[in-house]
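What follows draws every value from the coordinates through simple rules; no lab data is involved. What you see is a predicted model, and the numbers here were worked out from it, not measured in a lab. Glycine also receives a Cβ, built like all others from the backbone with ideal geometry; neighbour counts cover every protein chain displayed.
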């Protein structure tokens with residue numbers, strides 16, 4: 001792809017990409033787009049703040065398997081610490097979460 005910086009396989013290996021299961025979802029107060037999710041990573045739960053409210057209702061996400069970047073540095077968004085990053089495909093305003101096509105346990109590593 002034109003204009004995209006290539007990385008070597010060693011750099012990719014530094015990413016901890018895992019499957020998680022959405023354990024809870026709440027709207028972020030004073031935000032139209034943000035949702036706060038708790039994602040079960042198989043023995044560990046992490047918080048994620050994501051701009052999904054325009055594409056998903058909270059009840060649609062509850063119990064859904066999602067793919068997250070688990071070793072991203074935590075960051076405060078609207079005063080809430082986001083500890084993982086959801087992976088999604090984005091086309092214009094449309095957001096589609098990445099999901100495994102078969103059931104796998106929470107915490108499964110993506111490679």
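Between 31, 65, 82, where does the largest GNM mean-square fluctuation fall for the chain, given springs only between Cα atoms within less than 10 Å?
31
In the Gaussian network model of the chain, springs joining C-alpha atoms below 10 Å, which of 38, 17, 77 carries the largest mean-square fluctuation?
Highest fluctuation of the listed residues: 77.
Tell me what the chain gives for mean residue ellipticity at 222 nm when only DSSP H runs of n ≥ 4 count, each as -39,500 (n - 2.57), the sum divided by the residue total, rounded to 500 deg cm²/dmol.
Only helices count here, giving -1500 deg cm²/dmol.
Rounded to a whole number of µm²/s, how large is the Stokes-Einstein D of the range 10-97 at 4 °C and 1.567 mPa s, given Rh as the Kirkwood radius over C-alpha pairs?
98 µm²/s
Looking only at the range 29-43, which residues have a backbone nitrogen under 15 Å from a spot 7 Å from the Cα of residue 77 in the C-beta direction?
29-39
Please give the residues of the range 73-111, grouped as numeric ranges, whose backbone N is less than 16 Å from a label point set 7 Å along the Cα-to-Cβ vector of residue 12.
109-111
Stretched out fully, how many nm does the piece from residue 5 to residue 111 gain, at 0.36 nm a residue minus the Cα gap?
36.2 nm
Of the residues 16, 40, 101, which exhibits the maximal mean-square fluctuation in a Gaussian network model of the chain defined by a 10 Å Cα contact cut-off?
101
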